[in-house]
Each structure stands twice: as C-alpha cells, then as structure tokens.
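Enquirer: The structure's right below; bear with me while I get my questions together.
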Amino acid sequence: MSTITRSWIDQDPALTFQYEGTSGYEMETRVPMALAALIPESELLNPDHRLFQVSHLIPELAWCQMHFEFRRVIAELQNGDYVLAGRLLQRVAELADLPVVATRILLRALPQYGMLDLRSKVTANASGLDSPGGKNLRIISAAVWRSFEAATQREGVDLASFAENVARPVGQLRPRAEETGLTTVYEGLYNVDSKYTEWRQVHLRLVWAHLGGLPNAGADEQQEERREIPASMRGRPITDLERMTERPLFPKLWNIINSNFKRMGGASYQPS
C-alpha cells in the first residue's frame, strides 16, 4: 500500500477496521485472535492477497469443525444412536457448503492476473495439497465409513437396501427402527460426499480459470494432444488434480450406487 493511501486512511478513522477485543462477544468467539491471523495490510503482496487468504481460511475452519462432528458421528454409530448420527451428518453437509462458497468467490471475484501475480510471490511449494483440513478429513472419513459398515453388520442390514428405503412408496411397510436410522446415516454420508465432490469440482474450475489447461479447449484433436499442462506449486501437472477431483470421501458408497444401477438393469432398465 502506498504512503499516500496509508496517510489518507489514517486521517479518516471511518476507514479503519476497529474492534475492542474486550467485549463478551469478542472474548467468547475469539474474534481478535482470528483477525490477528490476517496478513497486515502493509505486508500484502497485492490487493487480492487478503481475499486469497480469507477464502482459504474459511474452508480450513469448516473442515476442522467437520472433523469434530465426524468424531461425534463415529461415537453415536458405536453407541447405536443412528438418528443422532444422521442428524450430525446433515450438519457436516451444511458445513461443507462453506468451502464451496469460499472457492466460488475466488473463481468469480479473483482476476487471473491477481492470482498469477500472487503465485509468483508466495512461499515456494505453498501447495494446497498440504492443507491440514483436507488431509485430516480424508483420514477420518475412512474411520467414519468403517463405523457405518460395522453398524450395518451389527444390525444385519444389507447396504443395497438403503436406496430402496429412501425411495419407498407412501404406505409401504416401514423397516425396523435400526434400519430406518441407518438409512438416515446413509443419506447423510451421501450428502456430505456430494458437497465435498462439488467443492473439488469448483476448485478444479478455479485452477483452469487462473492457470489454464482446460481439457478439450482446442479446436481439434491435434490441438488437444498438444494441450499445455500447467503445474502446481510442487511442480506436479494439474492432471494430478483432475484425477484427485474424482476421488470421493466414501468410495464404497458410490460402489453401492453403481451396483444398484447394474442390479436394476443399467441403461436398459424399464420401470414396471
């Protein structure tokens, strides 16, 4: 920020973001500590730097809270309270909206030049693959699925039955309470993973918009074969990111969906 601009802001208190740090609200929510994490204006690499930081902090906070709720889900699955476990998964799915929104803001509001300028100045190897939230979420999701599978085995429930339970007609005989609760968990897992996949897809679009490399952007197949592949901060091609975008948190859940499709005749299925 130039000296002239800084002097101009100092002359008008209305242009300064002010907080006391002593109110009950601030002490309870730790707002001063959160604001202290922001890069000082005098150290911003360019005017888009703050937006870039905030749009990455929001997903990290959301993923941390999702991790916390996942631990509660595991506990309730082990305790047999499947209704509460399902409710908590719906909370996780709502939290998973935050990374989608934050990344979409970058996609729509961060100019390509601003992003490329930042990229040339930030710490080397500052790769999003090192995100602690992303790493921990992938690890705990495996534990969540193991707990879900253990609960279905304990209750004698066939994983393939959940899709039918969700779609059963009005008035059809309801399954046991345990199976109904686990069906709610199944829906929660699906909603969480769908939102997580949406975030990955938006993030990939962000990379294409700022770094380039969109597949099939050439006018013909020969140009596509000569496609220039941008690299990550680690020097890895973004094709790695494209492959990662297809990896869900709960792979076996999607195997159930695939199996149901095949079991019902696939593309040749005709409803009765």
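The values are calculated or read from the model by the stated rules, or taken from the named source; none is laboratory data. Please read these numbers as outputs of a predicted model, since none were measured by experiment. We place every Cβ from the backbone using ideal geometry, glycine too, and count neighbours over all the protein chains shown.
Enquirer: Please pick out the residue among L204, L241, L211, L249 that is buried (at least 18 other Cβ atoms within 10 Å of the Cβ), at pLDDT 90 or above and closer than 30 Å to D117 by Cα.
Expert: One residue alone meets the criteria, L204.
Enquirer: Return only the number of the condition from (1) modelled with pLDDT of 95 or more; (2) under 30 Å from P237 (Cβ atoms) that S131 does not satisfy.
Expert: (1)
Enquirer: So K195 passes all but one of these: (1) modelled with pLDDT under 90; (2) buried (at least 17 other Cβ atoms within 10 Å of the Cβ); (3) under 30 Å from A160 (Cα atoms). Which condition number does it fail?
Expert: (1)
Enquirer: Scanning for something under 22 Å from T183 (Cα atoms), assigned to a helix (DSSP H, G or I), of a type outside the set (G, A, S) and in the same structural domain as A150 (by TED's automatic domain parsing), does segment 44-60 turn up at least one residue?
Expert: Among the residues of segment 44-60, not one is under 22 Å from T183 (Cα atoms), assigned to a helix (DSSP H, G or I), of a type outside the set (G, A, S) and in the same structural domain as A150 (by TED's automatic domain parsing), which makes the answer no.
Enquirer: Tally the residues that are free of Cβ contacts under 8 Å to residues at least 12 places away in the same chain and of a type in the set (G, A, S), restricting the search to segment 35-64.
Expert: 1
Enquirer: Have a look at V73, V83, V31, V100 and point out the one that is over 30 Å from H203 (Cα atoms) and not hydroxyl-bearing (S, T, Y).
Expert: V83
Enquirer: Output the qualifying pairs, or none if there are none: Cβ atoms under 9 angstrom, residues six or more apart or on different chains, first residue in segment 66-85 and surrounded by fewer than 22 Cβ atoms within 10 Å (Cβ to Cβ), second residue not in a helix (DSSP H, G or I).
Expert: These pairs meet every condition: A75/D81.
Enquirer: Would you check if L95 is of a type outside the set (S, T, Y), in the same structural domain as D193 (by TED's automatic domain parsing) and either crowded, with 17+ Cβ neighbours inside 10 Å or closer than 19 Å to T245 by Cα (or both)?
Expert: Considered against the rule, which asks whether it is of a type outside the set (S, T, Y), in the same structural domain as D193 (by TED's automatic domain parsing) and either crowded, with 17+ Cβ neighbours inside 10 Å or closer than 19 Å to T245 by Cα (or both), L95 comes out as yes.
Enquirer: Based on what the data block shows, is L89 among the aliphatic types (A, V, I, L, M), surrounded by 14 or more Cβ atoms within 10 Å (Cβ to Cβ), part of a helix (DSSP H, G or I) and at pLDDT 95 or above?
Expert: Considered against the rule, which asks whether it is among the aliphatic types (A, V, I, L, M), surrounded by 14 or more Cβ atoms within 10 Å (Cβ to Cβ), part of a helix (DSSP H, G or I) and at pLDDT 95 or above, L89 comes out as yes.
Enquirer: Inside segment 92-128, can you point out the residues that are touching a residue at least 40 places away in the same chain (Cβ under 8 Å), in a loop (DSSP other than H, G, I, E, B) and of a type in the set (G, A, S)?
Expert: Hits for segment 92-128 are A96, A124, A126, S127.
Enquirer: Okay, next question. Test T123 against the stated conditions and say whether it is surrounded by fewer than 15 Cβ atoms within 10 Å (Cβ to Cβ), among the β-branched types (V, I, T) and under 25 Å from T245 (Cα atoms).
Expert: For T123, the condition - surrounded by fewer than 15 Cβ atoms within 10 Å (Cβ to Cβ), among the β-branched types (V, I, T) and under 25 Å from T245 (Cα atoms) - is met.
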